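A quick write-up on the structure given underneath.
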């Protein structure tokens with residue numbers, strides 16, 4: 001940090017197990033990645049190459065190497081996993097991950113229907129090749145699951161070996177744990193947290209108000225995903241009370257009376 005401020009919240013440092021910021025890269029160039037990391041590297045824990053962008057990104061290998069040079073793991077979006085799976089190319093997917101040095105893998109069923117026992121089998125299989133993040137929830141806004149279903153799916157996928165479960169929201173933040181307006185389904189979130197440890201959930205939260213909700217609910221070390229590269233620094237200030245939205249969150253009553 002550039003200055004000394006007393007009584008700051010206890011923000012976990014890298015390599016973090018909690019307080020993860022997962023960034024959504026939807027097509028940055030190599031130069032843009034270099035520029036982005038020159039300022040944001042300390043606050044980026046993992047990068048998702050969104051949906052199927054890695055299939056069409058020129059010089060993909062060079063781009064991944066830049067992230068790895070900065071000790072930031074990268075993974076392909078769950079949609080790409082589903083694209084390989086639905087075509088019967090699971091072994092090809094594993095081979096490609098190995099070829100590109102990808103040690104994080106996302107297992108999702110947001111675009112296709114996979115029997116849950118089968119999905120858990122894929123999670124278990126991929127844990128032999130790296131760290132698995134499994135996504136729960138549908139990209140179809142009309143597919144609304146009851147809280148008990150979210151809990152059961154998350155529990156089973158963690159049991160199958162997923163390191164974290166991702167609560168689906170898409171890059172727009174208007175499905176899954178959110179209503180179409182982007183408003184958090186607070187009852188759903190609170191019920192999930194009665195059964196699933198918050199530190200094992202990566203909440204997709206692309207919108208500022210969504211990020212603020214989870215910081216207020218769970219503190220500065222909540223796990224947040226689908227963060228735009230340009231929002232990493234603003235998010236970090238919000239996490240530690242250096243943005244108006246959370247300025248009083250970490251101050252004592254005495255400090256607030258000054």
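Observations
- Cα-derived Rg to Rh of the stretch 161-258, Kirkwood definition: 1.00
- Residues 136, 189, 86, sorted so that the one with the fewest Cβ neighbours within 10 Å comes first: 86, 189, 136
- Stokes-Einstein D in µm²/s, Kirkwood radius over Cα pairs - the stretch 21-256 at 20 °C with 1.002 mPa s viscosity: 117
- Residue with peak Gaussian network fluctuation, the chain [Cα springs, cutoff 10 Å], from 30, 227, 96: 96
- Order by protection proxy (mean Cβ within 10 Å, highest first), peptides 152-164, 4-16: 152-164, 4-16
- Gyration tensor (alpha-carbon) shape descriptor, the stretch 1-80, a/c threshold 1.5: prolate
- Spacing of the modelled spin labels on residue 111 and residue 247, each 7 Å from Cα toward Cβ, amounts to 4.3 nm.
- Label zone (residue 233, point 7 Å along Cα-to-C-beta; backbone nitrogen cut-off 15 Å) within the stretch 1-28: 1-3.
- Ordering 203, 150 by the number of other Cβ atoms within 10 Å of each residue's own Cβ, fewest first, gives 150, 203.
- Note on residue 96 and residue 199: the extension gain reaches 34.1 nm, defined as 0.36 nm multiplied by sequence separation minus the Cα-Cα distance.
- Kirkwood Rh and Cα Rg combined as Rg over Rh, evaluated for the stretch 91-189: 1.00
- Label-reachable residues, the stretch 84-120, where backbone N falls under 14 Å from a point 7 Å from residue 61's Cα toward its Cβ: 96-102
- Distance between the C-alpha centres of the stretch 173-247 and the stretch 56-108: 26 Å, rounded to the whole angstrom.
Quick note: the coordinates plus some simple rules give every number you see, no bench work behind them. This is a predicted model, so every value here is computed, not measured. A quick note on method: Cβ atoms are made from the backbone with ideal geometry, for glycine too, and the neighbour counts reach across all protein chains shown.
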